[in-house]
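One structure below.
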Amino acid sequence: MAEIEISKAVRGTAALAKGIAILNLVGEAQRGMRFSEIVKTTGIPKGTVHRLLSALVEHRLLRYDPERQTYKLGLRVFELANLVWDDFDLRSAADPEMIRVRDLTRETIRLVILDGAEVVCIDQKGSKEELSIRYTVGARVPVYCSAAGKAILSFLDPEKQSEILGQLSPEPITPRTITDVAEFKSQLDITEVRGYAIDNEEQITGVRAVSAPILDRWGRPMAAVTITGPIHRLSIEKLHSFGRDLIEACRRISGNAGESAVRVNTGPKPNGPNLPDIECVYETASFLGEGPMWSVKEKALYWVDILAPAIHRFDPEAKQNQTVKITELIGAVAIRKNTGLLAATQFGFKNLDFGTGKLELITNPEAHLPENRFNDGKCDRKGRFWAGTLCLHAGTGIGSLYRLEPNGKVKQMDTGFGVSNGMGWDPDNRVMYFTDSKSKRIFKYDFDLDTGEIDNRRIFATVPEHGGLPGGLTVDKGGFVWSVNWDGWCITRYDPKGAVERIIRLPVPRPTSCMFGGENLDILYVTSARIRLSAQRLSEAPLSGSIFAIDAGVQGMPEPPFGG
């Protein structure tokens, strides 16, 4: 590829073209490149490559790592990048995307920036469907009643966000305006996870809006793009569908397409009919259904919706689902030995009263990491609760795995994960499985049931490039591991050595977790999500967010209670 670029050099600039080709080549190789690799890839003679590299290093465009004997981008490149961002013309960059989104949605599109505790409209593309309320460039509104305000604030660094929240004295502008700062902060946390914000008549009665932030290359919010329209045209479901499109539009505006941790693209729907032994047992539109846990005593399935924070109890026999809303993001629950539930939430391990939704703190081992939350969790066969954490914006390598004892003591067992997820134990209690969705890997540890200690982490399985991401998992009585594939439309069953034994296709792209249940523990229940799915994907997979049951043909193991 480099030779093609060189061959097209303007007359008299061949050396410059070769230097640029080398710079581009090294920049695209994230691990750095050796001298021999550069010579082989470019086809440039060794002597010329040596001279060009020396010049590039001298001007700080490249740097040499003597320990690894590789060349990498130099600091001058980043200094120049900063100058480009300083001169970034936001309006010009946003203009074509705003027009495209306006034509797609037929609603008013606004470009909004933050100014203190207010947001200001700096550009607008009027709707072809007129609004009774007209917006103008220069209009200001408080952040707490604005979708754009939520979108921008949610991605600010914690100190800046806290500073602005401390300035707020929210007043009711409409009956739906959020006037409680703590409730508003919880909305920011949800916005950060899903990537866009909703205004449901909080600013103007009869008007709804959805907004996503424009992030610079460091992930800092520069502005937000908002879709605004009347409630008779913008249903809540349509707002969420448009939210996904806005995330993609904002990435294109800043040139950060694909660089954000918020995942919006899914693989294509597999060809062929749906399998007859997969049944949708509870049709619902959960944003991020997760954490299925079967109660043998109650013959019911507990599960959570992380982004519309709630704990659910589904009775398969009666086909009824009970919902209890809670006030913070929740990742998983476990049944306590005596009474009540245990929850792994945004703010630590908590006792949970299912009747009232009341939470009582046990311990929060990551109180010093306000951007983190707990995700998946399960009990081992001694009644210890294990749960992993992740960053709200899915940052790499800052999640950990914890073990909570029945006496309330907690211990960090491992760390350095991107998105802590599914876990389970083999039937002999000698192996523990644990998933890092970010790295697309399922790990296995040597496990000591008596002490609860783990050791010797190694890779059990890695999901291939276009197979989606590994999510929640469970282990059957034969020691086979069932792991869902987020964005993969399927569940994979691995044998105890990590080889793929079978793949079961699902009617939804984003299954989230699975658990055996039923009278004989031979029904595999699967939760799913609909968050950030495009309108096209939802038309192909309208059951996204629902609960499914699969006649697995094998038995699972009962979920032990906490404190057993």
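Some notes on this structure:
- Some residue of segment 277-285 being at pLDDT below 90 and either out of contact with any Cys (no Cβ under 7 Å at 6 or more places or on another chain) or farther than 30 Å from Trp489 by Cβ (or both): yes
- Filtered residue count, segment 416-435, keeping only those that are at pLDDT 95 or above and either surrounded by fewer than 18 Cβ atoms within 10 Å (Cβ to Cβ) or out of contact with any Ser or Thr (no Cβ under 6 Å at 6 or more places or on another chain) (or both): 12
- Out of Ile550, Ile523, Ile531, one residue alone is β-branched (Val, Ile, Thr) and surrounded by 24 or more Cβ atoms within 10 Å (Cβ to Cβ). It is Ile531.
- His50 meets all of the listed conditions (1) over 25 Å from Pro221 (Cβ atoms); (2) modelled with pLDDT of 90 or more; (3) open to solvent by less than 70 Å² (accessible area, probe 1.4 Å) but one, namely (3).
- Sole residue being part of a helix (DSSP H, G or I), within 20 Å of Glu237 (Cα to Cα) and of a type in the set (D, E, K, R), chosen from Asp103, Asp95: Asp103
- Only listed residue being over 14 Å from Lys444 (Cα atoms) and modelled with pLDDT of 95 or more, chosen from Val508, Val475, Val481, Val463: Val508
- Contacts under 7 angstrom Cβ, first residue in segment 117-143 being under 26 Å from Val181 (Cα atoms) and at pLDDT 90 or above, partner part of a loop (DSSP other than H, G, I, E, B) and hydrophobic (A, V, I, L, M, F, W, C), 6 or more apart: Ala117/Leu168; Cys121/Val137; Cys121/Ala139; Pro142/Ala117; Val143/Ala117
- Inspection of segment 214-226 identifies no residue that is buried (at least 17 other Cβ atoms within 10 Å of the Cβ), in a strand (DSSP E or B) and more than 22 Å from the chain's Cα centre (by Cα).
- Apart from one condition, Thr492 fits all of (1) more than 20 Å from the chain's Cα centre (by Cα); (2) open to solvent by 10 Å² or more (accessible area, probe 1.4 Å); (3) not aliphatic (A, V, I, L, M); the exception is (2).
- Members of segment 508-519 found to be in contact with a strand residue (DSSP E or B) (Cβ under 7 Å, 6 or more places away or on another chain) and either open to solvent by 20 Å² or more (accessible area, probe 1.4 Å) or under 14 Å from Ile278 (Cβ atoms) (or both), listed by number: Val508, Pro511, Cys514
- Residue within segment 382-402 that is part of a strand (DSSP E or B), open to solvent by 10 Å² or more (accessible area, probe 1.4 Å) and among the β-branched types (Val, Ile, Thr) present: no
- If you go through segment 17-35 and pick out every residue that is over 11 Å from Tyr71 (Cβ atoms), assigned to a helix (DSSP H, G or I) and open to solvent by 40 Å² or more (accessible area, probe 1.4 Å), you end up with 4.
- Residues in segment 292-320 that are modelled with pLDDT of 95 or more and closer than 16 Å to Asn421 by Cβ were compared, and the one that is nearest to the chain's Cα centre (by Cα) is Val304.
- Once segment 324-363 is narrowed to residues that are among the acidic types (Asp, Glu) and surrounded by fewer than 16 Cβ atoms within 10 Å (Cβ to Cβ), the residue that is modelled with the lowest pLDDT is Asp353.
- Residue within segment 447-467 that is over 30 Å from Pro542 (Cβ atoms), assigned to a loop (DSSP other than H, G, I, E, B), touching a Ser or Thr at 6+ places or on another chain (Cβ under 7 Å) and open to solvent by less than 20 Å² (accessible area, probe 1.4 Å) present: no
- All of (1) assigned to a strand (DSSP E or B); (2) within 16 Å of Asp551 (Cα to Cα); (3) polar (S, T, N, Q) hold for Asn520 with one exception: (1).
- Residue, surrounded by the most Cβ atoms within 10 Å (Cβ to Cβ), within segment 172-213, restricted to residues that are in contact (Cβ under 8 Å) with a residue 24 or more places away in the chain and small (Gly, Ala, Ser): Ala212
- Residues of segment 53-69 satisfying the condition of being part of a strand (DSSP E or B) and surrounded by fewer than 19 Cβ atoms within 10 Å (Cβ to Cβ): Arg63, Tyr64, Asp65
- Within segment 7-14, not a single residue is assigned to a helix (DSSP H, G or I), more than 24 Å from Arg217 (Cβ to Cβ), open to solvent by less than 40 Å² (accessible area, probe 1.4 Å) and modelled with pLDDT under 90.
- Odd one out for Gly472 among (1) more than 25 Å from Gln536 (Cβ to Cβ); (2) surrounded by fewer than 24 Cβ atoms within 10 Å (Cβ to Cβ): (2)
- Ala499 vs. criteria farther than 30 Å from Ile247 by Cβ and modelled with pLDDT under 95: no
The values are calculated or read from the model by the stated rules, or taken from the named source; none is laboratory data. Note that the structure is predicted; figures quoted are calculated from it, not measured. When we count neighbours, we look across all protein chains shown, and the Cβ atoms used for this are built from the backbone with ideal geometry, even at glycine. Note: areas computed on protein heavy atoms with side chains; ligands, DNA, RNA excluded. Shrake-Rupley method; radii C 1.70, N 1.55, O 1.52, S 1.80 Å.
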